[in-house]
Amino acid sequence: MAALIAVLEGIGRYVIDSLENIGRIMILTGQTLFHLRSASPRHTLRQMAHLGVDSLPIVLLTILFTGMVMTVQTAHEFIKYGAQSSVGGVVAIAMGRELAPVLTGVVCAGRVGAAITAEIGSMKVTEQIDALRVMATNPVAYLVVPRLLACVFMLPLLVVFANVIGTIGGYLVAISYAGLSSYTYLHSIKVFAVVNDLTGGLVKAMVFGGIIAIIGCYKGLTTTEGAEGVGRATTGSVVTSIILIFIANYFLSLALYR
Amino acid sequence: MIELKDVSISFRGKPVLENINLQVHDKEVLVIIGPSGSGKSTLLRLIIGLVKPVAGEIWVDGQEISRMDEDALNVLRKHMGMVFQYSALFDSMTVGENVAFGLRQHTDLSEEEIQRIIRRRLRMVGMAGKEHLMPNELSGGMKKRVSLARAIAINPKIVLYDEPTAGLDPIMSSIIDRLIVSTRRLMGVTSVVVTHHMTSAFNIADRIAMIYGGRIIETGTVEEIKQSQNPVVQQFIHGWKAPVLGAKRKVKT
């Protein structure tokens, strides 16, 4: 009986903690949106360069090889059934709708989300956040708003580049490995893919950018217990962001592509 | 200038400060002494609104701040400065940018004027010409001095010092003490200094308040504190081993 009570208490505590965290994340999101009007262009541009531009090489590399492997797998199967004229379209649609936004989101959650949490978490444990407050500066306006704007605007841009490089990767493999003609591959893209495949992916990327920024900042601002706490918060930030990206992706796909 | 009336605060149900009554007069240096963990730093954080009391009133410059929201507190904080125990310099900014932070955030001064103030404040704390260094290139004492320069850059009426001499050698401690006194003299600021270094306390204080077990057990001038009949005060200022009453243990029970 005592063991059962302990288990139930544990579950109850977990539920309460989770709800409390969700509530705090909502409050942080609300405060961030409220302070959007006071965004500093200088800080926002600096974050755009730091979080967005600096992520470009790793995003391009990831998506290049994803486009290539996608074509290897699709071309092999499609050629078997005489559907080689669909390869380009399928790769482009998969890239635009799912692969480019989701993989860019995951890569940025690992690189950008971790960087945000580690930086703000270090500031928290060394009293720099308190120093901001003492100097009459709202930490949400000063730290969170520029990062949110940077992520929300830079992730779609990264996804545009990702789509281009992924399609080029697929094209190169289709020509060299699968023996498709350049015309077949490109014509297939023209026939199957529509603008909505790209724009839907960009909408997803904006949402993923918001998730990465808010979770990264939240975990940083709630960091405790020194260097160990910073490490724990950073891991938590990446894991939570990636999970939320996959969950959000499912519902966004339902909403955007029905 | 600052008044605390029956202020209590607790963390996770454990009382840290109970029924604190304290006045800090205009332009005086009040030193708060007490053992580690007795709630001295919490008292400073209450005065500047970083934490809220569970009971009581805190008056700063004629305004009751314990129920103020962050925006209203920020208006008040523009006239206050704080030197943190570990300096809390922004490590992504140079020394000059740290000192200029408040000026750039809250004033419309020209860059030329801001640079002039940076140079003047750094000269005041003996750090002239160091504005281009990063915080990780500074020693502990230098960080404390930059932290003071940052705190006084916007001409505050009140400066709070949290353990300004902790971890410093005796010579650097005495330099910091002199800076606290000269800042009060030159700028006319009201100062609240938390320390457990009795030499510092006696050097700089107009009055001293001692916290023990979450309560203020003695307040008075340097001479009054030295003559105090309270055995805990005598034990603390002389560093005697007995009567041993650990403040941390008492707070945790």
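Could you check the simple spin-label distance between B:His79 and B:Glu224, using points 7 Å along Cα→Cβ, in nm with one decimal?
According to this spin-label approximation, the distance is 2.6 nm.
Starting from the Kirkwood radius over alpha-carbon pairs of the stretch B:104-222, derive D by Stokes-Einstein at 37 °C in a medium of 0.692 mPa s and give it in µm² s⁻¹. Could the numbers behind the result be given before it?
Details: Rh = 15.6 Å.
Reported coefficient: 211 µm²/s.
For the stretch B:84-159, just the Cα atoms, rotate onto the principal axes and tell me the three extents in Å, largest first.
Answer, in whole Å and largest first: 31, 26, 22 Å.
Is there a quick way to get the dipole size of the stretch A:57-252? I mean about its Cα centre, with the Cβ of Lys and Arg at +1 and of Asp and Glu at -1; what is the value in debye to the nearest 20?
Working: 10 positive and 8 negative charges, 51 e Å.
It works out to roughly 240 debye.
Whole angstrom only: what separates the Cα centroid of the stretch A:188-253 from the Cα centroid of the stretch B:16-59?
42
What does the convex hull of the Cα atoms come to per residue for the stretch A:208-249, in Å³? The partial results should precede the final answer.
Numbers: hull volume 2.0 nm³, N = 42.
Measuring per residue, one finds 47 Å³ for the Cα hull of the stretch A:208-249.
Show me B:200-209, B:100-109 ranked by packing, highest mean number of other Cβ atoms within 10 Å first. It would help to have the intermediate numbers written out before the result.
Working: B:200-209: 21.6, B:100-109: 16.7.
Output ranking for B:200-209, B:100-109: B:200-209, B:100-109.
Under a point-charge model restricted to the Cβ atoms of Lys and Arg (+1) and Asp and Glu (-1), what is the dipole moment magnitude of the protein assembly as shown relative to its Cα centre, in debye to the nearest 20?
Rounded to the nearest 20 debye, it is 260 debye.
With each label point set 7 Å from Cα along the Cα-Cβ vector, what nm distance links A:Leu33 and A:Ala83?
4.1
What does chain B give for Rg and for Dmax, in Å, if only its C-alpha atoms count?
Considering chain B through its Cα atoms, Rg and Dmax are 18.2, 58 Å.
Can you compute the helix-only [θ] at 222 nm over chain A? Use -39500 (n - 2.57) per DSSP H run of at least 4 residues, normalise by all residues, nearest 500 deg cm²/dmol. Walk me through the numbers on the way to the answer.
Working: 11 runs with 202 residues, N = 258.
It lands at -26500 deg cm²/dmol.
Over the whole of A:133-146, what's the average partner chain Cβ count within 10 Å per residue? Rounded to a whole number, please. Could the numbers behind the result be given before it?
Working: counts 9, 18, 16, 14, 6, 3, 1, 1, 0, 1, 0, 0, 0, 0.
The per-residue average across the peptide is 5.
How shielded is B:72-84 by partner chains, expressed as the average number of their Cβ atoms within 10 Å of its Cβ atoms? Walk me through the numbers on the way to the answer.
Numbers: counts 0, 3, 6, 1, 1, 5, 2, 1, 3, 2, 6, 2, 6.
Mean shielding by partner chains, rounded to a whole number: 3.
Under 5 Å between amide H atoms, partner at least 5 residues away or on a different chain: which partners does B:Leu17 have, H built in plane at 1.01 Å?
Correct list: B:Ile9.
Check B:Val31: other-chain or 5+ apart residues with amide H under 5 Å from its amide H, H built from backbone geometry?
Result for B:Val31 returns B:Val193, B:Asp206, B:Arg207, B:Ile208, B:Ala209.
If you put +1 on each Lys and Arg Cβ and -1 on each Asp and Glu Cβ, how big is the dipole of the stretch B:1-152 around its Cα centre, in Debye rounded to 20? Walk me through the numbers on the way to the answer.
On the way: 21 positive and 19 negative charges, 123 e Å.
Taking the Cα centre of the stretch B:1-152 as origin, the dipole is about 580 debye.
When chain A is modelled as a GNM with alpha-carbon springs shorter than 10 Å, which of A:Ala114, A:Ala233, A:Ala248 fluctuates the most?
A:Ala248
Within 10 Å of each residue's Cβ, count the other Cβ atoms and sort A:Met1, B:Met80 from fewest upward. If you can, show how the numbers build up before the last one.
On the way: A:Met1 5, B:Met80 25.
So the ranking, lowest neighbour count to highest, is A:Met1, B:Met80.
For the stretch A:57-252, take every pair of Cα atoms, bin their distances at 5 Å starting from 0, and report each bin as a whole percent.
The distribution over the stretch A:57-252 is 1, 9, 15, 16, 15, 12, 10, 8, 6, 4, 3, 2, 1, 0, given as percents.
With θ set to phi - 60°, apply the Karplus curve 6.51 cos²θ - 1.76 cosθ + 1.60 along the stretch B:193-200 and write out the HN-Hα couplings as whole Hz, x wherever there is a Gly or Pro.
Coupling constants for the stretch B:193-200: 10, 9, 7, 10, 8, 5, 4, 4 Hz.
For helix A:195-221, what angle does its Cα long axis make with the longest principal axis of chain A, in degrees from 0 to 90 and rounded to 10?
Around 20 degrees separate the two axes.
Can you list residues whose amide H is under 5 Å from B:Ile216's amide H, if they're 5+ apart or on another chain and H is modeled 1.01 Å from N?
Answer set, sorted by chain and number: B:Asn21.
Want the number for A:Val7 to A:Asn21: 0.36 nm per residue separation, take away the alpha-carbon distance, what's left?
2.9 nm
Using 0.36 nm per residue of separation minus the Cα-Cα distance, give me the extension gain between A:Leu256 and A:Tyr183 in nm, one decimal.
Details: separation 73, 0.36 × 73 = 26.28 nm, distance 2.98 nm.
Contour length minus the Cα-Cα distance gives 23.3 nm.
Modelled label-to-label distance, B:Asn21 and A:Thr224, 7 Å Cα→beta-carbon offset: nm?
3.4
Output wanted: per-residue J couplings in Hz (rounded whole) for the stretch A:230-242, from phi through Karplus 6.51 cos²θ - 1.76 cosθ + 1.60, θ = phi - 60°, x for Gly and Pro.
5, x, 5, 5, 5, 4, x, 4, 5, 4, 4, 4, 5
What are the ³J(HN,Hα) values, in whole Hz, obtained from phi via the Karplus relation 6.51 cos²θ - 1.76 cosθ + 1.60 with θ = phi - 60°, for each residue of the stretch A:106-112 in sequence order, with x given for Gly and Pro?
After applying 6.51 cos²θ - 1.76 cosθ + 1.60, I find 5, 4, 6, 4, x, 8, 6 Hz.
Compute the acute angle (0 to 90°) between the alpha-carbon long axis of helix A:114-125 and the principal axis of greatest extent of the alpha-carbon atoms of chain A; round to the nearest 10°.
Once rounded, the angle reads 10 degrees.
Could you give me the radius of gyration and the Dmax of the protein assembly as shown, taking only the C-alpha atoms into account and expressing both in angstrom?
29.2, 101
Please find the FRET efficiency linking A:Thr199 to B:Arg185, where r is the Cβ-Cβ separation and R0 is fixed at 56 Å, and quote it to the nearest 0.05. List each step's numbers first, then the result.
Values: r = 66 Å, r/R0 = 1.17.
Here the calculated transfer efficiency is 0.30.
Report the net charge of residues surrounding B:Asn136, where surrounding means a beta-carbon distance below 11 angstrom and charges are Lys +1, Arg +1, Asp -1, Glu -1. Could the numbers behind the result be given before it?
Numbers: positive: B:Lys143; negative: B:Asp91, B:Glu137.
Once positives and negatives cancel, what remains is -1.
Values quoted throughout were computed directly from the atomic coordinates according to the rules given, and no laboratory measurement underlies them. Remember, it's a predicted structure, so these values are computed and weren't measured experimentally. Neighbour counts run over all protein chains shown; Cβ positions are idealised from the backbone, glycine included.
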